[in-house]
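Colleague: Got a structure for you, written out below as C-alpha coordinates; questions coming shortly.
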Amino acid sequence: MKTPLAQKSRLGIDFDNCITNWSFVQKLFAVLNSQDTHTFHTMPIQIFAPAAAAPAITNRRDDSDDEMELDNEDHAARSSKRSKNIITPGEVITSDPQWMRGHGTYTNDNGDLAPIIRSTLAGTLQKTNKLLSVVPLRARYTPEIGDLVIGRIVEVQSRRWKVDVAGALTAALPLSSINLPGGILRKRTSVDELNIRTFFEEGELLVAEVQSLFQDGSASLHTRSLKYGKLRNGYFMAVSGVGGGAGVVRAKRQIFTLQTSSRGGEVDVILGVNGYIWISKHIEADKSKDVSITSIEEQVKTTMYSSQNDDISPDTRREIARVAGCIRALAENGVKVDEEMVRRSYDASLDLEQDEGEEGAGFLGGERGRLIVDMALRGSG
(Lines give C-alpha, C1' and ligand atoms only; values in the text may rest on other atoms or scores of the structure.)
Protein backbone atom coordinates (compact mmCIF):
# COMPACT_ATOMS: atom_id res chain seq x y z
CA MET A 1 0.00 0.00 0.00
CA LYS A 2 1.28 3.40 -0.92
CA THR A 3 1.62 6.10 1.69
CA PRO A 4 0.69 9.75 1.14
CA LEU A 5 4.34 10.76 1.01
CA ALA A 6 5.03 8.13 -1.67
CA GLN A 7 2.45 9.70 -4.05
CA LYS A 8 4.50 12.79 -4.72
CA SER A 9 3.58 13.14 -8.43
CA ARG A 10 -0.11 12.41 -7.92
CA LEU A 11 -0.55 15.09 -5.22
CA GLY A 12 1.54 17.60 -7.10
CA ILE A 13 3.45 18.67 -3.97
CA ASP A 14 7.24 18.65 -3.75
CA PHE A 15 7.89 17.66 -0.11
CA ASP A 16 11.65 18.06 -0.45
CA ASN A 17 11.62 21.66 -1.61
CA CYS A 18 8.63 23.04 0.26
CA ILE A 19 8.89 25.28 3.32
CA THR A 20 7.29 23.78 6.40
CA ASN A 21 4.94 26.35 7.88
CA TRP A 22 1.42 26.60 9.15
CA SER A 23 -0.20 27.35 5.74
CA PHE A 24 1.59 24.41 4.15
CA VAL A 25 0.33 22.00 6.79
CA GLN A 26 -3.23 23.20 6.24
CA LYS A 27 -2.90 22.80 2.45
CA LEU A 28 -1.42 19.32 2.81
CA PHE A 29 -4.26 17.92 4.86
CA ALA A 30 -6.85 19.59 2.60
CA VAL A 31 -5.40 17.67 -0.37
CA LEU A 32 -5.23 14.43 1.58
CA ASN A 33 -8.86 14.66 2.65
CA SER A 34 -9.96 15.16 -1.00
CA GLN A 35 -8.41 11.86 -2.26
CA ASP A 36 -10.15 8.54 -2.79
CA THR A 37 -10.77 6.81 0.52
CA HIS A 38 -10.04 3.44 -1.11
CA THR A 39 -6.48 4.54 -1.82
CA PHE A 40 -5.80 6.25 1.53
CA HIS A 41 -6.57 4.90 4.96
CA THR A 42 -7.19 8.12 6.80
CA MET A 43 -7.98 8.86 10.43
CA PRO A 44 -9.32 12.02 12.00
CA ILE A 45 -6.50 14.41 12.84
CA GLN A 46 -6.69 17.58 14.90
CA ILE A 47 -4.03 20.24 14.49
CA PHE A 48 -3.48 22.73 17.30
CA ALA A 49 -1.59 25.97 17.12
CA PRO A 50 1.82 25.82 18.82
CA ALA A 51 1.76 26.83 22.49
CA ALA A 52 3.58 29.91 23.64
CA ALA A 53 7.02 29.39 25.15
CA ALA A 54 7.14 29.16 28.96
CA PRO A 55 8.63 32.22 30.66
CA ALA A 56 12.15 31.88 31.99
CA ILE A 57 12.33 31.09 35.70
CA THR A 58 14.48 33.43 37.70
CA ASN A 59 15.29 33.38 41.40
CA ARG A 60 15.38 36.73 43.09
CA ARG A 61 15.97 37.40 46.75
CA ASP A 62 15.18 40.80 48.17
CA ASP A 63 17.39 41.73 51.11
CA SER A 64 18.94 44.99 52.21
CA ASP A 65 22.47 44.68 50.83
CA ASP A 66 24.15 45.36 47.50
CA GLU A 67 23.33 43.27 44.42
CA MET A 68 25.65 40.64 43.05
CA GLU A 69 25.36 38.80 39.74
CA LEU A 70 25.30 35.00 39.90
CA ASP A 71 26.83 33.29 36.88
CA ASN A 72 24.66 30.18 36.94
CA GLU A 73 21.71 31.88 35.21
CA ASP A 74 22.68 35.54 35.58
CA HIS A 75 20.28 35.90 38.46
CA ALA A 76 20.24 39.18 40.34
CA ALA A 77 20.31 38.37 44.04
CA ARG A 78 20.86 40.37 47.16
CA SER A 79 23.33 38.91 49.64
CA SER A 80 22.75 39.15 53.36
CA LYS A 81 25.40 38.88 56.03
CA ARG A 82 25.01 35.10 56.09
CA SER A 83 22.83 33.35 53.55
CA LYS A 84 20.84 30.28 54.57
CA ASN A 85 21.28 28.67 51.15
CA ILE A 86 23.85 25.88 51.08
CA ILE A 87 26.71 26.20 48.59
CA THR A 88 28.45 23.09 47.31
CA PRO A 89 32.16 22.74 46.41
CA GLY A 90 32.92 24.11 42.95
CA GLU A 91 29.70 26.08 42.71
CA VAL A 92 29.96 29.49 41.07
CA ILE A 93 29.36 32.32 43.54
CA THR A 94 29.88 35.37 41.34
CA SER A 95 32.01 36.89 38.59
CA ASP A 96 31.32 40.49 39.57
CA PRO A 97 34.71 42.24 39.93
CA GLN A 98 33.49 44.30 42.91
CA TRP A 99 33.70 41.25 45.20
CA MET A 100 36.86 39.85 46.81
CA ARG A 101 37.32 36.21 47.70
CA GLY A 102 37.81 35.08 51.30
CA HIS A 103 38.10 31.80 53.18
CA GLY A 104 36.44 28.85 51.51
CA THR A 105 36.63 30.30 47.99
CA TYR A 106 38.98 30.30 45.00
CA THR A 107 39.14 32.01 41.61
CA ASN A 108 39.81 30.65 38.13
CA ASP A 109 40.64 32.41 34.87
CA ASN A 110 37.69 33.57 32.79
CA GLY A 111 39.62 34.86 29.77
CA ASP A 112 39.28 38.58 29.24
CA LEU A 113 36.36 38.74 31.68
CA ALA A 114 36.50 39.09 35.46
CA PRO A 115 37.68 36.03 37.42
CA ILE A 116 35.00 33.65 38.62
CA ILE A 117 34.76 33.10 42.39
CA ARG A 118 33.88 29.52 43.30
CA SER A 119 33.36 27.69 46.58
CA THR A 120 35.79 25.13 47.96
CA LEU A 121 33.51 24.04 50.83
CA ALA A 122 29.98 22.89 51.49
CA GLY A 123 28.49 25.63 53.63
CA THR A 124 26.74 28.98 53.71
CA LEU A 125 27.83 32.20 52.06
CA GLN A 126 28.97 35.00 54.36
CA LYS A 127 29.52 38.58 53.20
CA THR A 128 31.67 41.08 55.08
CA ASN A 129 31.60 44.39 53.24
CA LYS A 130 32.95 43.33 49.81
CA LEU A 131 34.56 40.11 51.05
CA LEU A 132 32.89 36.79 50.26
CA SER A 133 33.64 33.70 52.34
CA VAL A 134 32.02 30.32 52.88
CA VAL A 135 31.30 29.09 56.42
CA PRO A 136 31.51 25.28 56.46
CA LEU A 137 28.62 23.23 57.78
CA ARG A 138 31.01 21.30 60.01
CA ALA A 139 34.59 22.16 60.78
CA ARG A 140 37.43 21.10 63.04
CA TYR A 141 38.51 23.37 65.88
CA THR A 142 41.46 25.64 65.09
CA PRO A 143 43.31 26.45 68.34
CA GLU A 144 44.40 29.96 69.25
CA ILE A 145 46.61 31.08 72.10
CA GLY A 146 44.56 31.85 75.21
CA ASP A 147 41.61 29.62 74.31
CA LEU A 148 39.97 27.72 77.14
CA VAL A 149 39.43 24.16 75.95
CA ILE A 150 38.13 20.89 77.32
CA GLY A 151 40.01 17.80 76.25
CA ARG A 152 40.19 14.06 76.72
CA ILE A 153 43.45 12.20 77.34
CA VAL A 154 44.07 9.79 74.46
CA GLU A 155 47.71 8.83 75.06
CA VAL A 156 50.21 8.94 77.90
CA GLN A 157 53.86 9.40 76.91
CA SER A 158 57.00 9.71 79.01
CA ARG A 159 56.90 13.46 79.59
CA ARG A 160 53.56 14.57 78.22
CA TRP A 161 49.97 13.65 77.47
CA LYS A 162 48.25 13.70 74.10
CA VAL A 163 44.86 15.38 74.38
CA ASP A 164 41.91 15.30 71.99
CA VAL A 165 40.55 18.86 71.66
CA ALA A 166 38.35 18.28 68.57
CA GLY A 167 41.07 19.69 66.32
CA ALA A 168 42.73 18.30 63.24
CA LEU A 169 45.71 17.34 65.42
CA THR A 170 45.90 16.26 69.04
CA ALA A 171 47.22 18.76 71.57
CA ALA A 172 50.14 18.19 73.92
CA LEU A 173 50.10 18.70 77.68
CA PRO A 174 53.71 18.64 78.98
CA LEU A 175 54.44 17.33 82.45
CA SER A 176 56.07 20.67 83.24
CA SER A 177 52.80 22.52 82.50
CA ILE A 178 50.72 21.09 85.34
CA ASN A 179 50.53 21.78 89.07
CA LEU A 180 52.06 19.15 91.30
CA PRO A 181 49.99 17.94 94.27
CA GLY A 182 50.42 20.27 97.22
CA GLY A 183 51.54 23.14 95.03
CA ILE A 184 55.20 22.12 95.11
CA LEU A 185 57.33 24.27 92.83
CA ARG A 186 60.28 22.24 91.61
CA LYS A 187 61.79 20.80 88.50
CA ARG A 188 60.14 17.64 87.20
CA THR A 189 62.27 14.57 87.83
CA SER A 190 62.39 11.01 86.55
CA VAL A 191 60.21 9.97 89.49
CA ASP A 192 57.47 12.29 88.20
CA GLU A 193 57.82 10.70 84.77
CA LEU A 194 57.34 7.24 86.28
CA ASN A 195 54.27 8.44 88.18
CA ILE A 196 52.80 10.34 85.24
CA ARG A 197 49.67 8.17 85.21
CA THR A 198 48.83 9.24 88.76
CA PHE A 199 47.97 12.68 87.39
CA PHE A 200 46.04 11.87 84.20
CA GLU A 201 45.12 8.58 82.55
CA GLU A 202 43.61 7.68 79.19
CA GLY A 203 39.97 8.65 78.90
CA GLU A 204 39.98 11.30 81.63
CA LEU A 205 38.68 14.80 80.96
CA LEU A 206 40.42 18.05 81.78
CA VAL A 207 40.03 21.76 81.23
CA ALA A 208 43.11 23.66 80.12
CA GLU A 209 44.32 26.73 78.28
CA VAL A 210 46.18 26.91 74.99
CA GLN A 211 49.67 28.14 75.87
CA SER A 212 51.41 28.05 72.50
CA LEU A 213 51.14 26.69 68.98
CA PHE A 214 53.55 24.51 67.06
CA GLN A 215 54.50 24.96 63.41
CA ASP A 216 52.08 22.27 62.26
CA GLY A 217 49.18 24.04 63.99
CA SER A 218 48.88 21.73 66.99
CA ALA A 219 48.53 23.28 70.44
CA SER A 220 50.47 23.06 73.68
CA LEU A 221 48.28 23.22 76.79
CA HIS A 222 48.80 24.10 80.44
CA THR A 223 46.77 23.65 83.64
CA ARG A 224 48.78 25.91 85.95
CA SER A 225 45.72 27.54 87.49
CA LEU A 226 43.19 26.61 90.16
CA LYS A 227 40.33 26.77 87.65
CA TYR A 228 42.03 24.25 85.36
CA GLY A 229 42.68 20.57 85.88
CA LYS A 230 40.80 17.27 86.02
CA LEU A 231 37.02 17.32 85.66
CA ARG A 232 34.74 15.40 88.03
CA ASN A 233 31.14 15.36 89.28
CA GLY A 234 29.54 16.32 86.01
CA TYR A 235 28.24 15.62 82.52
CA PHE A 236 30.19 15.94 79.27
CA MET A 237 28.63 16.95 75.96
CA ALA A 238 29.99 18.07 72.60
CA VAL A 239 28.69 20.59 70.09
CA SER A 240 31.97 20.68 68.18
CA GLY A 241 32.11 20.91 64.41
CA VAL A 242 28.94 22.98 64.13
CA GLY A 243 29.27 25.74 61.58
CA GLY A 244 27.01 28.48 60.33
CA GLY A 245 27.25 30.59 63.48
CA ALA A 246 26.23 27.86 65.92
CA GLY A 247 28.38 26.24 68.59
CA VAL A 248 30.43 27.74 71.37
CA VAL A 249 31.76 31.23 70.66
CA ARG A 250 34.67 33.03 72.27
CA ALA A 251 33.43 35.26 75.07
CA LYS A 252 34.68 37.13 78.12
CA ARG A 253 33.64 34.30 80.41
CA GLN A 254 33.75 30.64 79.47
CA ILE A 255 33.25 29.40 83.06
CA PHE A 256 30.22 30.49 85.07
CA THR A 257 27.91 29.26 87.82
CA LEU A 258 24.18 28.89 87.21
CA GLN A 259 21.71 29.12 90.07
CA THR A 260 19.11 26.44 89.39
CA SER A 261 15.54 26.21 90.57
CA SER A 262 14.06 24.42 93.59
CA ARG A 263 16.59 22.25 95.40
CA GLY A 264 19.02 21.75 92.53
CA GLY A 265 21.56 24.14 93.99
CA GLU A 266 24.28 25.71 91.89
CA VAL A 267 25.66 24.19 88.70
CA ASP A 268 29.01 25.02 87.11
CA VAL A 269 29.13 25.31 83.32
CA ILE A 270 32.39 25.26 81.34
CA LEU A 271 32.06 26.21 77.67
CA GLY A 272 35.17 25.07 75.85
CA VAL A 273 35.96 27.10 72.76
CA ASN A 274 36.59 23.81 70.96
CA GLY A 275 32.92 22.83 71.35
CA TYR A 276 33.34 20.52 74.35
CA ILE A 277 31.13 21.44 77.32
CA TRP A 278 31.21 20.33 80.94
CA ILE A 279 28.25 20.73 83.33
CA SER A 280 28.92 19.77 86.93
CA LYS A 281 27.88 20.16 90.52
CA HIS A 282 29.23 23.35 92.07
CA ILE A 283 31.91 22.83 94.71
CA GLU A 284 32.85 25.71 96.95
CA ALA A 285 36.54 26.56 96.95
CA ASP A 286 38.30 26.47 100.27
CA LYS A 287 39.14 29.90 101.58
CA SER A 288 41.94 29.42 104.04
CA LYS A 289 43.26 32.48 105.83
CA ASP A 290 46.71 30.94 106.13
CA VAL A 291 47.25 30.93 102.36
CA SER A 292 49.54 33.59 100.95
CA ILE A 293 48.04 35.88 98.32
CA THR A 294 51.11 35.67 96.11
CA SER A 295 51.40 31.88 96.38
CA ILE A 296 48.18 30.64 94.86
CA GLU A 297 49.80 27.27 94.18
CA GLU A 298 49.68 26.57 97.93
CA GLN A 299 45.93 25.99 97.58
CA VAL A 300 46.50 23.00 95.32
CA LYS A 301 45.37 19.90 97.18
CA THR A 302 46.61 16.38 96.90
CA THR A 303 43.03 15.36 95.97
CA MET A 304 42.94 17.51 92.82
CA TYR A 305 43.92 14.50 90.69
CA SER A 306 41.40 12.16 92.28
CA SER A 307 39.03 10.35 89.92
CA GLN A 308 36.42 9.67 92.62
CA ASN A 309 33.14 11.52 92.11
CA ASP A 310 31.23 13.08 94.98
CA ASP A 311 27.65 12.23 95.81
CA ILE A 312 25.20 14.19 93.62
CA SER A 313 21.56 14.55 94.64
CA PRO A 314 18.75 13.65 92.19
CA ASP A 315 17.61 17.29 92.09
CA THR A 316 21.07 18.43 91.01
CA ARG A 317 21.23 15.67 88.40
CA ARG A 318 17.88 16.81 87.03
CA GLU A 319 19.05 20.41 86.66
CA ILE A 320 22.31 19.32 85.04
CA ALA A 321 20.26 17.38 82.49
CA ARG A 322 18.04 20.43 81.95
CA VAL A 323 21.02 22.69 81.24
CA ALA A 324 22.43 20.09 78.84
CA GLY A 325 19.09 19.90 77.03
CA CYS A 326 18.97 23.68 76.65
CA ILE A 327 22.50 23.79 75.21
CA ARG A 328 21.69 20.96 72.82
CA ALA A 329 18.56 22.79 71.65
CA LEU A 330 20.62 25.94 70.97
CA ALA A 331 23.13 23.99 68.88
CA GLU A 332 20.47 22.08 66.93
CA ASN A 333 18.67 25.30 66.02
CA GLY A 334 21.83 27.09 64.83
CA VAL A 335 22.11 29.54 67.73
CA LYS A 336 25.43 30.49 69.31
CA VAL A 337 26.20 29.02 72.72
CA ASP A 338 27.42 31.52 75.29
CA GLU A 339 26.63 32.43 78.89
CA GLU A 340 23.77 34.77 78.04
CA MET A 341 21.96 32.34 75.74
CA VAL A 342 22.42 29.45 78.18
CA ARG A 343 20.87 31.47 81.01
CA ARG A 344 17.99 32.67 78.82
CA SER A 345 17.21 29.22 77.46
CA TYR A 346 17.31 27.76 80.98
CA ASP A 347 14.84 30.37 82.23
CA ALA A 348 12.66 29.71 79.17
CA SER A 349 12.57 25.99 79.98
CA LEU A 350 11.42 26.78 83.51
CA ASP A 351 8.66 29.06 82.21
CA LEU A 352 7.56 26.42 79.72
CA GLU A 353 7.44 23.75 82.39
CA GLN A 354 5.37 26.01 84.63
CA ASP A 355 2.88 26.68 81.82
CA GLU A 356 2.56 23.10 80.59
CA GLY A 357 3.00 21.23 83.85
CA GLU A 358 5.14 18.19 84.50
CA GLU A 359 4.08 16.33 81.35
CA GLY A 360 7.07 16.01 79.03
CA ALA A 361 9.16 18.38 81.14
CA GLY A 362 12.26 16.20 80.93
CA PHE A 363 12.43 16.28 77.12
CA LEU A 364 13.82 19.48 75.58
CA GLY A 365 14.29 18.37 71.99
CA GLY A 366 12.25 18.59 68.81
CA GLU A 367 9.42 21.11 68.75
CA ARG A 368 9.79 21.75 72.47
CA GLY A 369 13.44 22.67 71.99
CA ARG A 370 12.61 25.04 69.13
CA LEU A 371 10.01 26.72 71.32
CA ILE A 372 12.56 27.21 74.11
CA VAL A 373 15.07 28.71 71.67
CA ASP A 374 12.43 31.08 70.27
CA MET A 375 11.54 32.22 73.79
CA ALA A 376 15.22 32.77 74.58
CA LEU A 377 15.77 34.78 71.39
CA ARG A 378 12.72 36.94 72.07
CA GLY A 379 14.04 37.59 75.55
CA SER A 380 17.43 38.65 74.17
CA GLY A 381 15.78 40.98 71.67
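The values are calculated or read from the model by the stated rules, or taken from the named source; none is laboratory data. Not measured: the values here are computed from a predicted model. No Cβ is skipped: glycine too gets one built from the backbone with ideal geometry, and neighbour counts run over all protein chains shown.
Colleague: When residue 102 is evaluated against the numbered criteria (1) touching a strand residue (DSSP E or B) at 6+ places or on another chain (Cβ under 6 Å); (2) at pLDDT below 90, which criterion, by number, is the only one it fails?
Modeller: That leaves (2) as the condition not met.
Colleague: When you look at residue 124, is it surrounded by fewer than 18 Cβ atoms within 10 Å (Cβ to Cβ) and not in a loop (DSSP other than H, G, I, E, B), yes or no? First the steps, then the outcome.
Modeller: Details: surrounded by fewer than 18 Cβ atoms within 10 Å (Cβ to Cβ): no; not in a loop (DSSP other than H, G, I, E, B): yes.
Answer is no for this residue.
Colleague: For a quick check of your reading of the model, give me the residue pairs whose first member lies in segment 91-102 and is outside the structural domain of residue 114 (by TED's automatic domain parsing), whose second is of a type in the set (Asp, Glu), with beta-carbon atoms closer than 6 Å and at least 6 apart or on different chains.
Modeller: From residues that are outside the structural domain of residue 114 (by TED's automatic domain parsing), there are no pairs.
Every residue, every condition in (1) under 21 Å from residue 206 (Cα atoms); (2) at pLDDT 70 or above; (3) buried (at least 17 other Cβ atoms within 10 Å of the Cβ), yes or no:
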{"site": "259", "(1), (2), (3)": "no, yes, no"}
{"site": "263", "(1), (2), (3)": "no, yes, no"}
{"site": "270", "(1), (2), (3)": "yes, yes, yes"}
{"site": "289", "(1), (2), (3)": "no, no, no"}
{"site": "298", "(1), (2), (3)": "yes, no, no"}
{"site": "309", "(1), (2), (3)": "yes, yes, no"}
{"site": "326", "(1), (2), (3)": "no, yes, yes"}
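Colleague: From the residues in segment 127-177 that are loosely packed, with under 14 Cβ neighbours inside 10 Å and among the hydroxyl-bearing types (Ser, Thr, Tyr), which one is farthest from residue 225 (Cα to Cα)?
Modeller: Among those that are loosely packed, with under 14 Cβ neighbours inside 10 Å and among the hydroxyl-bearing types (Ser, Thr, Tyr), it is 128.
Colleague: Residues of segment 133-143 being touching a residue at least 40 places away in the same chain (Cβ under 8 Å) and either touching a helix residue (DSSP H, G or I) at 6+ places or on another chain (Cβ under 9 Å) or part of a strand (DSSP E or B) (or both), which ones? Walk me through how you get there before you give the answer.
Modeller: Of the residues in segment 133-143, the ones touching a residue at least 40 places away in the same chain (Cβ under 8 Å) are 134-143.
If the condition is that a residue be touching a residue at least 40 places away in the same chain (Cβ under 8 Å) and either touching a helix residue (DSSP H, G or I) at 6+ places or on another chain (Cβ under 9 Å) or part of a strand (DSSP E or B) (or both), then 134, 135, 136, 141 are the ones that fit.
Colleague: Can you name every residue in segment 144-159 that is part of a loop (DSSP other than H, G, I, E, B) and closer than 28 Å to residue 189 by Cβ? Please lay out each step first, then the result.
Modeller: Going through segment 144-159, the residues part of a loop (DSSP other than H, G, I, E, B) turn out to be 144-147, 157-159.
Correct list: 157, 158, 159.
Colleague: Restricting to segment 179-217, and then to whatever is of a type in the set (S, T, N, Q) and crowded, with 17+ Cβ neighbours inside 10 Å, can you tell me which residue is modelled with the highest pLDDT? Write out each step before concluding.
Modeller: Residues of segment 179-217 of a type in the set (S, T, N, Q): 179, 189-190, 195, 198, 211-212, 215.
Of the ones still in play, those that are also crowded, with 17+ Cβ neighbours inside 10 Å are 179, 211.
Details: 179: 87, 211: 95.
Checked segment 179-217; the qualifying residue modelled with the highest pLDDT is 211.
Colleague: Taking the stated definitions as given, is residue 154 more than 20 Å from residue 255 (Cα to Cα) and either modelled with pLDDT under 90 or in contact with a helix residue (DSSP H, G or I) (Cβ under 8 Å, 6 or more places away or on another chain) (or both)? Please lay out each step first, then the result.
Modeller: Values: more than 20 Å from residue 255 (Cα to Cα): yes; either modelled with pLDDT under 90 or in contact with a helix residue (DSSP H, G or I) (Cβ under 8 Å, 6 or more places away or on another chain) (or both): no.
Criteria not met by residue 154.
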